Amino acid sequence: MKRKLTALALGLVLALGLAACGGGSSSSGGSASGGDAAPATEAASGSSTVVVAMGSGFATLDPGRVYEKYPPLIVNACYENLFKFYSNDGEPEPCLVNDDYTFSEDGLTLTMTLKDGITFASGNAMTSADVAYSINRCKNLKDNPSFLADTIESVETPDEKTVVIHLNQPDSAILSKLTYASFAVLDSAVVTENGGTDAADAAEKDTAEAFLNTTSAGSGPYIMTSYTQDEEIVLEKNPSYWGESSNIDKFIVKIQPDSNTQMMTLSQGDIDVAMNMTDDTMAELEGKENIIRIDAPTKTVGFVMMNMDEAIGGPVSNPDVQQAIRYALDYEGLKTICGNGSVTPYDVIQVGFMGSRGERPADYQNLDKAKECLAKAGYENGFDIDLKVCDLDMEGVALTDFAQKVKEDLAQVGINCNIVNETWAGGYGDEYRDGKLGLTVMYWGTDYNDPNVQLEFLPGGVVGLRAGWTAEMDPDLAAMYQRAMEATDNDDRGNILGNIQEAMYESGPFIFFAQASSHMAYNDRLVGVEVSDPYALDLTLIKLK
Amino acid sequence: MDRLRFLLRRLVYLVVMLLGVATMVFILTKLIPGDPTVANLSQRALGDPEIVAAFRAKYGLDQPIIIQYFKYIGNLLHLDLGTSIRTNNAVLAELGRCFPATFELAIFSIIIAAVFGILFGVISAIKRNSIIDQIVRAISVTGVSIPSFWFALLVLFFFYYKLQIMPGPGRLGNMFSAPANVTGFYVIDSLLEGDPAKAWDAFRHLILPGCVLAAFTMGLITRTTRSNILDVMSTDYIRTAKAKGLSGTSLILRHALGNALIPVLTVIGLGLGNLLGGMVLVETIFNWPGVGQFAYESVLSNDFPSIIGVAILIALNYMVINTIVDILYGFIDPRVRIQ
C-alpha cells in the first residue's frame, strides 16, 4: 500500500510533466527549434504577422486623450495627422496635406489643403470638417493633451479640402504639435455616432472613449481590430488604405512589461520586436543569430534642479555654488547609469533636436574648479543639504539611482547630501510644481517632439518657475522664449536655440546630466525598426525583408 | 432549516463586513498622502487649472469627503463600484475582466497544491523520519520560502527559454485569438467555442504560472497534513484500531486522514483566498492580466474606486471561501454538523 501511494505521487508528477511537455500544437510561438530566434510569423496565423512587445502603464487609446509613451505607437498606425515625423531626428513633413502649406506673414495663420483621395477605413472620404472636429475635440475634452491646442484660436474650413488654423500667438512648434497623436484626424461621422463631440462641453458630454479604446476610426494603414486590456492589441491591414500599403498584414502588440520576459520571448521567436530591453537583457542577446540590437538616446532628459530662492534653496541658490555642482558631477558615470546609448546634452536642448549644440564635453568634470567656486561662494568647507527625490523612474532607471550618484559626486567637494525620498503622488509632485524643492533630481519627457518644449526651462517658464527662476532675474534670456516661439523660420529658430544653450551652459538652476537611452532588439527579418521619440516605434515604417 | 439559517446569517454578516471594508479602505485612501489628480494628469495638464477642475469634477473629487463617502456607499448599495480614474471604465467591468484570469489560474494552482500537498503530507507521515520524509520536508520548506518572482523567472528560464518544452508568457499562444468571453476562463471558453486545440494551448499556458503559485500553498499543505496525521496517529481511537489489527496505511487513509484534513481544509481555503487576491510579480512575469496587475496599476494611480473595488473583491473571496470551508467541515466531520 505504501509503495502504491509513493507510485501514485510519482505518477501524478510524471503525468503533469508529460501533459505539459507533450505534443499538441506548439504554443506561443512554438519555436522548439534551437537557440536562435525563429520569426513569430511562423507561429502566428497568417503569413506576415509581426509581434511587438511593449510596456504597460497606459490608460487610454482615444487619440483625443492620449499622452503616455505607448499609445502613439497604436494611434500612428491606425490614424494619420496633417504632418508626420518620418525620421526620429527630422522635421515634421506633410502627411495628409499637400506640400504647399503656408504661414501668414504675422505667423498667426496656417493654411493647408488636404491631399486628394484620402478615405477613412469606414470608406468615408476625409474632409476639412474631420480635421476641425479632431482638433476641437482634443481641445474641448480638457484632458491631458488639451494644452497642445492652447495656441490654436480656431480652425476654419472654407471648403472640403482647405483647413485654416488661426493661432492666438505665433507658435513655431505648431507643425510638430500637429504631428502628435492627439491631433490625429478622426472619422467624425463614426466618432459622433459613438458618442463623440467636439463641442465646447465635450469634457462632460463626450462618451466616445470606450468605443475608441476597442477599435479605431482613422485613415491609417492599419485598423485596430481588438484590444484585450493588459494583454494585446491587434492591428490588421486597412484594405482600403489610400496610400502605399506595407507587406505586413497584421501586428500583434503584446503588453509585456518585464524585460527578461521580452528577452526570452524574442529569443524563442515568439515576438519579433522587444521594446523594453535593459543593458542586462541586451547582453543576454549578444551573439544570437537573427537578432539585431539597438541602443539609442531618447529625448527624455534627467536634470538637477537648484532653487534660486534662497529661502528654499539655501546655498544652492548661489550662482557660484550652482557652478560648483556643475563642475562636480561625473557626467560619464551618470550616463553609465542610464545605459548604453545615453548621451549628455550640451545643455537644455537635447541631442537630436533642431538647434542642439551636441554633447557636453566628456571631461567637463573638474573637482578643483568646483572647490574654487565653492570657496568663492563662501563655502570652502562645503555644507549639508537635503536632496529630495521621488519614486519615479526615467525610462526604467530609478531617480533614486541618479540621486545616489549625485550625492557621491558632491561629497567629493564637501557638499553632503541627505537623500530624502518622497512619492510623486504623495507630496513630491505638489512640492515640485509649486517650486518648494531646494535641491532635487528629476527628469523631463518631451510632451511633443519639438525643441520648444525645452523653453519651459527658461526663466519665467513653467519649469523655470519651479526652480524659483523668474523672468525678472534674467530678462534677456526670458525674452528668448518669445523669440523662439515666433521664429517660424527654422534657421532663425536654430540660432536662437543655440544662443539659449550658450547662455545656460554655465549658468542657471538646471544641470542636464543625461538623455535616457532606449534599448530595443528585433528579428532581422524586419527592416525599418528604429527608436522613435514621437511614436515610441513607428509601425508604419516597418517592413518584412 | 438550520443550514438555511446558517447561510442567511452568513449573508447578513457578509453585507455588513463588505460595507465595513469599503468604509475602512475609503478612509485609508483619503488619509494616506497622495492625490489622484497628480497621479493621473501629466505635468503640463496639472499646470492648467481648467483641466484640473474638469478632472476633479468628473470624478467627484471637488466634493467634500463626507459627500464623496455617502455617494460611494449609496452607489455601492446599487452594486455600482464607481468609475476607474485610471481607465475611465466601470470598476465592476474592470474586475469582471481581470478576475476570471486570476480565478482560472488560482483554481488550477490550488488543485495542484491540494493534490500534491496532501499526497506528500501523507507519504511524509507514513515514512516519518525516512529519507523520503526528509526530501518531502525539504521540498515543502523550499516551496514556502522561495520568493515567487524569482521562482517564476527560474521556471520560465529553464522550461521555456532553455529546454523549450513549455509555452511562454501570456494566456494563449500567438496563433490563437482570445475566445469569445462566456466564463472568462480561456480553457472553458475555448471548449465552448469548439476549439480543443485552443483549449489545450490555454491549459498549457496555465502550467508554469500555476506551479509557481502552487509552490507556497503546497508547502503549507504538506506540512499541515503531515503534522496533523502524526497528531491523530497518537490518539486513543487510532491506538484502539491498531490493537484490533488494522494495518498502518489503511489505518491512515481510512481513519486518520479524515480527521487530519479539517485543518488542511482551512489552509487550502486561505491559500485559495490568497491566490484570488492576485499575485502582482508572478502576473507581471507571466504577462497574466489578472487582479494583481490591476491592483498594482490602480495603487500607482491613486485610483481609489478601483482600490476599494479590489479590497471588496478580496474580502468577498475570503468570506465566500470561509463559508464553503465551514460547510465542507460538516461533510468531513459529522461532529461539526451536530454542533
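Listed values, structure above:
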item: Exercise: per-residue mean of other protein chain Cβ atoms within 10 Å, B:156-167; result: 5
item: Most to least accessible of A:C373, B:C211, A:C78 (protein chains only, probe 1.4 Å); result: B:C211, A:C373, A:C78
item: Taking all pairs of distinct alpha-carbon atoms in the stretch A:365-446, Kirkwood radius in angstrom; result: 13.8 Å
item: A:V50 - accessible surface, heavy atoms, 1.4 Å probe, Å² rounded to 10; result: 0 Å²
item: Cα-based convex hull volume of the stretch A:413-545 per residue, rounded to whole Å³; result: 182 Å³
item: Sequence-separation-based contact order of chain B, relative, with Cα cut under 8 Å and 6+ spacing, percent; result: 25 percent
item: Dipole magnitude of the protein assembly as shown, debye to nearest 20 (Cβ charges: Lys/Arg +1, Asp/Glu -1, about Cα centre); result: 6600 debye
item: Global geometry of chain A, whether rounded, prolate or oblate, following the gyration tensor of its Cα atoms and the 1.5 cut on a/c; result: oblate
item: Number of partner chain Cβ atoms within 10 Å, mean per residue of B:171-182; result: 6
item: DSSP H segments from chain B that extend 30 Å or more along their own axis, Cα-based, with Kyte-Doolittle mean of 0.0 or above; result: B:2-31, B:91-126, B:196-233, B:304-332
item: Net dipole in debye of the stretch B:19-77 [+1 Lys, Arg Cβ; -1 Asp, Glu Cβ; about Cα centre; nearest 20]; result: 120 debye
item: Packing-based ranking, highest mean first, of B:184-194, A:324-334 given that Cβ atoms within 10 Å are counted; result: A:324-334, B:184-194
item: Computed [θ] at 222 nm, deg cm²/dmol, chain B (DSSP H ≥ 4; -39,500 (n - 2.57); rounded to nearest 500); result: -24000 deg cm²/dmol
item: Contour excess over end-to-end distance, with Cα ends at A:E91 and A:D309 and 0.36 nm allotted per residue; result: 74.7 nm
item: A:S226 accessible area, assembled protein chains, probe 1.4 Å, Å²; result: 40 Å²
item: Accessible area (Å², per residue) of the stretch B:19-77, counting only protein heavy atoms and a probe of 1.4 Å; result: 51 Å²
item: The stretch B:105-149 versus the stretch A:502-526: alpha-carbon centroid distance in Å; result: 50 Å
item: Lys/Arg +1, Asp/Glu -1 at C-beta; the stretch A:299-412 dipole; positive extreme among A:A411, A:G358, A:A370; result: A:G358
item: Residue mean of other protein chain beta carbons inside 10 Å, A:250-257; result: 3
item: Solvent accessible area, Å² - A:D492, 1.4 Å probe, full protein context; result: 80 Å²
item: Partners for A:K142 among aspartates and glutamates (Cα-Cα distance below 12 Å; same-chain residues under 8 apart left out); result: A:D150, A:D198, A:D201, A:E204, A:D206, B:D48, B:E50
item: Projected label distance in nm at B:S250 and A:D280, using a 7 Å step from Cα toward the beta-carbon; result: 5.7 nm
item: If the convex hull is drawn through the Cα atoms of the stretch B:1-122, its volume per residue in Å³; result: 188 Å³
item: The stretch A:421-467, relative contact order in percent, only Cα pairs under 8 angstrom and at least six apart counted; result: 37 percent
item: Candidate residues A:E236, A:E472: accessible-area rank, largest first, probe 1.4 Å; result: A:E472, A:E236
item: Residue-averaged [θ]222 nm for chain A, counting only DSSP H segments that reach four residues, each worth -39500 (n - 2.57); result: -8000 deg cm²/dmol
item: Residues A:A362 and A:E156, FRET efficiency given R0 of 30 Å [Cβ-Cβ distance, rounded to 0.05]; result: 0.05
item: Mean shadow area of the stretch B:19-77, taken as a quarter of the surface of its Cα convex hull (nm²); result: 4.3 nm²
item: Selected from B:I110, B:I268, B:I238 as most flexible by GNM, with chain B as the system and alpha-carbon contacts under 10 Å; result: B:I238
item: Of B:K127/B:K162; A:K139/A:K436; A:K405/B:K162; A:K69/A:K237, pairs whose Cα-Cα distance is over 26 Å; result: B:K127/B:K162; A:K139/A:K436; A:K405/B:K162
item: Unit charges on C-beta of K, R, D, E only; dipole of chain B, Debye; result: 1300 debye
item: log10 of Debye I(q)/I(0), alpha-carbon scatterers only, for the stretch A:188-272 at 0.15, 0.23, 0.24 Å⁻¹; result: -0.73, -1.08, -1.12
item: Total accessible area lost when A and B pair, probe 1.4 Å, Å² to nearest 100; result: 5900 Å²
item: Beta bridge orientation in chain A: antiparallel %, DSSP, nearest 5; result: 75 percent
item: Taking chain A and dividing mean pair separation by its residue count, relative contact order in percent (alpha carbons under 8 Å, at least six apart); result: 19 percent
item: Per-peptide average of other Cβ atoms within 10 Å, ordering A:502-509, B:113-120 highest first; result: B:113-120, A:502-509
item: Heavy-atom accessible area order for B:R239, A:R360, largest first, 1.4 Å probe; result: B:R239, A:R360
item: Under 12 Å from the Cα of A:K388 - aspartates and glutamates, other chains or at least 8 residues apart; result: A:E422, A:E431
item: Alpha-carbon Rg/Rh ratio, for chain B, with Rh computed the Kirkwood way; result: 1.05
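The values are calculated or read from the model by the stated rules, or taken from the named source; none is laboratory data. None of these values were measured; they are calculated from a predicted model. In this analysis, Cβ positions are derived from the backbone assuming ideal geometry, glycine residues included, and neighbour counts consider all displayed protein chains. Only protein heavy atoms, including side chains, enter the accessible area calculation; ligands, DNA and RNA are left aside. Shrake-Rupley method; radii C 1.70, N 1.55, O 1.52, S 1.80 Å.
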